[in-house]
Structures are given as structure tokens and as C-alpha cells.
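Below is one structure, written out as C-alpha cells, with a few remarks after it.
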Amino acid sequence: MSGNAIPTAMDDPAQGHGMPPDSDGATAKLAPAATRWLWLALAYASLGIGILAIFIPGIPTTEFILLSAWAAGKGSPRLQRWLENHPVFGAMIHHWRHGRVVARRAKLSASIMMSLCLVIMLLTIKHRWIIVIAAIGMTAGAIWMWSRPEQIVDRSADDDVPK
């Protein structure tokens, strides 16, 4: 496999050995072989929805990519490595794993897309209760998203300060 090609299930023998260390230096724990295909299916489905969400307003991209990375960690070390090293998704995954960080650019983009989606709904949907439910969900998602930090906190700087 070369470049940024998405790894397939055939690329991953899923033997459980030779797995990359995770962020803490521990070996990633694969699911049992009997259920590994379910995690892999969830990882690929989430990745597909996440990529589709880039082009469709109102569908959250970040959450589906993070779900894909999490599921890949249980089903396919190869897919997990591909996601972690991806030029777009890799930084998002790294930031989330090291401080639950959501970058300001992602917050702004998501807020603009949710607003656009709400405007489209106002112009096209006759049943206002559907719009109200969607607006409540978008508001809850925006509040949660904007409550996340925007930068990874450097914990080593705190260790140098005498108490």
C-alpha cells in the first residue's frame, strides 16, 4: 500500500502482534478475533460518514472521524495508523487524544455549517417542530464543542513551577 490509500481488510492480517504503541507507549488492545470485523465495519462506516459529512452541512465530521479512529484501534492497527498519519485527520485525532482538544478552525467551521443547515431547514421544511428539535440538537452540540479547549495544555510547564 502506498501514499494515502485507505487500507482494506485484506491488508490487515489482524494477528495482534506487531501492533504500534499507542500514545502512552502501551500496545493497542485488539478486540477478540470473532468480533474484530464488527469494529472494522464500524471504523469504515464512521470514516465514510465522516468524509461524506465534509460535503453535507449539518453532519458532524469530527465526531465520525474520532469514532472511526477509536473503532480502528479495536479492529485494525493498520487502519488506525493510516488515520493517525493522515494529513487532515491525524492532527484532529492527536489533539483529541492529548487533551480532548477541538481546534478553533473546526469549531468555526462546524458552527457555520450548523447555521447554514438551520437556514436551509427554515426555508425548506414546513413542520416547525422538526426545525425546533434540530436547532436544540445543534445548540447542544455547539455548547459542548465550544466548551472544549482549543490547545493542548503543556503539563510539563506546570511541573517546573514550585508549589
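Apply the Karplus parameterisation 6.51 cos²θ - 1.76 cosθ + 1.60, with θ equal to phi minus 60°, to every residue of segment 138-144 and state each ³J(HN,Hα) to the nearest whole Hz, in sequence, with x for glycine and proline.
Result, rounded to whole Hz: 5, 5, 4, x, 5, 4, 4.
Leaving out ligands and nucleic acids, note down the accessible area per residue over segment 55-163 with a 1.4 angstrom probe, in whole Å². Intermediate results must be reported in sequence, preceding the final value.
Working: 7070 Å² over 109 residues.
Roughly 65 Å² per residue, with all protein chains present.
Using a 1.4 angstrom probe on the protein heavy atoms only, could you order I131, I125 from most to least accessible area?
Largest accessible area first, the residues go I125, I131.
Using Cα pairs under 8 angstrom and six or more residues apart, how large is the relative contact order of segment 22-103, in percent? Intermediate values should be presented prior to the final figure.
Working: 88 pairs, mean separation 23.0, N = 82.
With pairs under 8 Å counted, the relative contact order is 28 percent.
Can you list the HN-Hα couplings for segment 56-69, worked out from phi with the Karplus curve (6.51, -1.76, 1.60; θ = phi - 60°), rounded to whole Hz and with x for Gly and Pro?
Couplings: 10, x, x, 9, x, 6, 4, 4, 6, 5, 5, 4, 4, 5 Hz.
The values are calculated or read from the model by the stated rules, or taken from the named source; none is laboratory data. The shown structure was predicted, so the numbers you read here are calculated from the model rather than taken from an experiment. Ligands, DNA and RNA are stripped out before the accessible areas are found, and what is left, the full protein with its side chains, is counted by its heavy atoms. Shrake-Rupley method; radii C 1.70, N 1.55, O 1.52, S 1.80 Å.
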